[in-house]
Amino acid sequence: MLEPDAKLKAAEVRSMDQTPYELDAVRRNAVLRSIQKVCVYRRWALLAAHVRTNHVHTVVRAEVQPELVLNAFKAYASRLLNQMQVDVAGRKRWARHGSTRWLLTDDNVSAAIHYVLHEQGDEMAVFRATAP
């Protein structure tokens, strides 16, 4: 892990042209529904999800690169939020990138699921896969 870089953070804040986007309960639930919908449509296995006020954690089994999963989640969530008309037109919601990684072992998957479900603080909008 890298130590926080105060200069980099300050530069990022200066470059923002909108206030940080926050997800209230209505928006969090909409984002969670959209994640579930894209997983059904693309036949990806959603194992866990936790939508927070300013970020989202998911664990997904998919035969595509994690960045493609992340981009699909952002697109579906944006489409639903736009349909709901809960934000002003042109509202930026997502960071340009996101943290993605391959989970290569069952232990990695189990640890990630535990982290998503139990190490994020109070539950907000949460999905837990049921065992087959």
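Read-outs throughout are calculated quantities, based only on the coordinates presented, and are distinct from any laboratory measurement. Predicted model, so just to flag it, every value in this text is computed and none were measured. Using ideal geometry, Cβ is built from the backbone for each residue, glycine included, and neighbour counts are taken over all protein chains shown.
One table, with the values for the structure above:
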item	result
Qualifying position, being within 28 Å of residue 129 (Cβ to Cβ), among the hydroxyl-bearing types (Ser, Thr, Tyr), free of Cβ contacts under 8 Å to residues at least 24 places away in the same chain and surrounded by 11 or more Cβ atoms within 10 Å (Cβ to Cβ), among 34, 99, 78	78
Qualifying residue in the stretch 22-36 (condition: assigned to a helix (DSSP H, G or I), within 19 Å of residue 83 (Cβ to Cβ) and more than 13 Å from the chain's Cα centre (by Cα))	yes
Test: residue in the stretch 81-90 that is free of Cβ contacts under 8 Å to residues at least 12 places away in the same chain, assigned to a helix (DSSP H, G or I) and either out of contact with any helix residue (DSSP H, G or I) (no Cβ under 8 Å at 6 or more places or on another chain) or closer than 23 Å to residue 20 by Cβ (or both)	yes
Residue, farthest from residue 105 (Cα to Cα), within the stretch 53-72, restricted to residues that are in contact (Cβ under 8 Å) with a residue 40 or more places away in the chain and crowded, with 17+ Cβ neighbours inside 10 Å	57
